[in-house]
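Worksheet: the structure to be examined is printed underneath.
The values are calculated or read from the model by the stated rules, or taken from the named source; none is laboratory data. The structure presented is a predicted model; accordingly, all values stated were derived computationally and were not measured. Counting neighbours? That spans all protein chains shown, and the Cβs are built from the backbone with ideal geometry, glycine included.
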Amino acid sequence: MDILKIVPPPKESRFDSLLAQARAEYCLLRVLPKRRSFLMHVLYRAALMPLWNPTFLDDYTTTIFFWVFMPEELIGTDEGYRVLRHELAHVRDAWRTGLLPFALSYLFLLPAGLTLRAFWELRAYTETLRVEFEETGAITDGTLEMIAEQFTGPAYLWMLPFPRWVRRLLQKRRAEIIGEGPSGDRR
Ligand SMILES: [Zn+2]
């Protein structure tokens, strides 16, 4: 007698479930491999990034409206899940604010050094902190420091180049997230 072995369907990754959930809300949402994107190569060259952000194509995820350009090796992974949580905060903000006003405020509104880009990124990095708290029950100083470097360095064009201020903002966010608890309001 044959015994039919029941093979369970492959378990969907956290990345896949999050993406499916987000695509149910934003049907135009796509995650695309960054190095294969012609647009990303054009942006890299046009903004002279080889000079000031040479790892743009390999180390950074870039979201434009509903297109999330992600390093290919992250797609489908746990690390990709963490990045996607951050990027979806941008998608959500862009959708609520209006795509054009969001893009213009992200890119151009000055004064330099205290841009709306910093405001939007603080919202998205709050989501990054929240993921760490959900996964580990803590948010380390090392994470705050890594994020502070993003705010004060070239990666985002020195969007808020005041390290002590940035650290204070991030510490405040950390305290709020820990106060919310693991199932805190995500929006
Ligand atoms: Zn971001």
Give me the pairs: first residue in the stretch 10-29 and loosely packed, with under 12 Cβ neighbours inside 10 Å, second residue in a loop (DSSP other than H, G, I, E, B), beta-carbon distance under 7 Å, and six or more apart or on different chains, which are they?
-> 28/66
Could you please find all residues in the stretch 150-163 being modelled with pLDDT of 90 or more and within 14 Å of the ligand (Cβ to nearest atom)?
-> 150, 151
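Which members of the stretch 40-63 meet the condition of being under 26 Å from residue 132 (Cβ atoms) and surrounded by fewer than 16 Cβ atoms within 10 Å (Cβ to Cβ)?
Result: 55, 58, 59.
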When only residues in the stretch 124-134 that are among the acidic types (Asp, Glu) and in contact with a helix residue (DSSP H, G or I) (Cβ under 8 Å, 6 or more places away or on another chain) count, which is farthest from the ligand (Cβ to nearest atom)?
-> 132
Hey, could you check the stretch 121-172 for residues that are small (Gly, Ala, Ser) and not in a helix (DSSP H, G or I) and say which is farthest from residue 79 (Cα to Cα)?
-> 153
Conditions: (1) at pLDDT below 90; (2) within 29 Å of residue 23 (Cα to Cα); (3) within 13 Å of the ligand (Cβ to nearest atom). Residue 104 meets all but one. Number of the miss?
-> (3)
Taking interchain pairs and intrachain pairs at least six residues apart, which have beta carbon atoms under 6 angstrom, with the first residue in the stretch 57-86 and outside the structural domain of residue 128 (by TED's automatic domain parsing) and the second within 14 Å of the ligand (Cβ to nearest atom) and of a type in the set (S, T, N, Q)?
-> 69/62; 70/61; 83/61; 86/128
